[in-house]
Every structure is written in C-alpha cells, then in structure tokens.
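Taking it in order: structure first as structure tokens, then the write-up.
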C-alpha cells in the first residue's frame, strides 16, 4: 500500500510494520478514520481477515474504534492464529449466526475463531444458518472472516440453496458475488438453487440465478426441471422468466412436460405462456396422454377451452387412459 494523495507526508503518514521488521504499508492518515478501516485495507496486503489482525502502538493493542491521529505514526501488525474452539464456542457462533446477533458474531470472530467450524449438533455451519434465515449483516461478517460460501449444512444444502428456497434476495446476491456455485445440488433430490427458487416462485431470486448463468434445464429428482416445478405450482412470473431465458418447454419429466403439469393443476396463465412459447402440446406423458388429455381427465374446463381457442386440439393422439 503506497501513500497516495497525502498533501503533507511529514504530518500525516502512517507506517505499518510486520513482526520481522519489514514495512507492510505506508498510508496517508487522511484516508482512514479508525483502526477498523486500516485493518480492512491491510487485509489486501497480508491476505488475512481483520479478525486475526492486531495493531500495536508502543506495545499496546489498539481497539478497532480507536481514531487514527492526523500525524506521523508507526504501528506494528501481529497476525494471530485461530484460537482453540471448544464445543461451547462452536455452538455459540452457530446460535448467534442463526438468530442474527451481529454484535455477538463480531465478538466471537474476534477471538479469533474459524468461521467455518461446524457446530456439535448435526454439522450445522454459521454461514449456512445465517443465509437460511436471511441475516445479511451476519452473512457479510462471516464472509469477511473468509467463510466458505459453498460448504453444506446439516441437511446437505448449501447457503445458496437455502437462501434461494427462502426467497432472501439480498442474501442470494451477496453469496453469488462471493463465489457461491449455482451448480451445487441437494444430495437426496438433486435440487439446485434454481430448482428451489422456482418451486417456491421467488422470481427475483430466479432472476439473480439466471443472471449468474445457472443451468436453466438441469434435472432434479424425477427429471424435474425448474420450469416443471414453476409450472406445477402456478408461478406465473417465474415461468415467464424461465421462458425468456430459453428454458426447454419440451423436456419430459416422470410426470410429463411443463404443459402436462400446468394442465393437471389448472394453472391457466402458465399454460398460456407455454402455448405462446410454442411448447409441443403433442408430447405424451407416461400414461400416455397429452396435456389436453390431462386437462380433460382432471375436468379442467378452462384449460381445455384454451387449447381449443388457440388451435391446439390434437387430432392423432391416443385417448387418455
């Protein structure tokens, strides 16, 4: 870090020295307000989160809130190893992260404590717990402490999957920026973050995931795609987004295509979108039958009428069994 923009270096230069005597940084004090701001800048130099940094002046450790004087100052930087995290300490961080206790999380990380340590109950992890509940400030602290955004929690889901399932838009945005992978899937159902968000109709989360190049056609259990799930639950705006992104309207799951699923559940607006996207209405499901046959069997009169109005009545398909 070079001292830049300092009008008078003799009266406002702060120098930071390592334990081996090398100069790590020279900063104009006018650019910084307090020790916390300095630590955040030093993170880029020493590649160590601020929670493990201790800045000393004349042998005394400076508190993060200490204001930096506008005079020449020499400080020494000491990097601490993680403290031993007893079972109680691990669970304290899990609880604080899960309940959004920002100040408590800050206090624990200052021990310093590894932000990735699992709890003693079912392998819970701080970042996953905070993300699942949408606690943005806690999430930012944990990421600042270099928590891994792709670790899984107690049930095998990642922070991104749980945040997407919960519809926590800002949490998802932060996780994606931190490098959370959209390709990770739940071990039992193969559901990705996009599957989770689409199933619950969290359209803004879906938008973020699609912008992050999430695979719009990946298959979960029963060969269900995000479009299948959104269509089945009648999430109109989510279906609209997936179609705009080019989702495959003719992909076949165990339960048929997206039109089959929309027809079965009576989701007229979704079906209209699929028809406008030129979904193949002649596709058969496993029974076999077309989406029109499904609508007829379920007595979805409006659905059947929609087919007729749009000229989608099929002439040469086997009767619905």
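The values are calculated or read from the model by the stated rules, or taken from the named source; none is laboratory data. Model, not experiment: these values are computed from the prediction. Using ideal geometry, Cβ is built from the backbone for each residue, glycine included, and neighbour counts are taken over all protein chains shown.
A few comments on the model shown:
- Pairs, first over 13 Å from residue 152 (Cα atoms) in the range 180-191, second surrounded by fewer than 16 Cβ atoms within 10 Å (Cβ to Cβ), C-beta under 6 Å, six or more apart: 189/221; 190/221
- Hits in the range 1-41 (condition: part of a helix (DSSP H, G or I) and at pLDDT below 90): 9, 10, 11, 12, 29, 30, 31
Residue-wise test of (1) outside the structural domain of residue 111 (by TED's automatic domain parsing); (2) more than 30 Å from residue 46 (Cβ to Cβ); (3) at pLDDT 95 or above.
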| site | (1), (2), (3) |
| --- | --- |
| 127 | no, no, yes |
| 139 | no, no, yes |
| 146 | no, no, yes |
| 149 | no, no, yes |
| 164 | no, yes, yes |
| 174 | no, no, yes |
| 190 | yes, yes, no |
| 217 | yes, yes, yes |
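- Residue 262 within 22 Å of residue 222 (Cα to Cα) and outside any helix (DSSP H, G or I): no
- Flag if residue 266 is in contact (Cβ under 8 Å) with a residue 24 or more places away in the chain, surrounded by fewer than 22 Cβ atoms within 10 Å (Cβ to Cβ) and under 29 Å from the mean Cα position of the chain (by Cα): no
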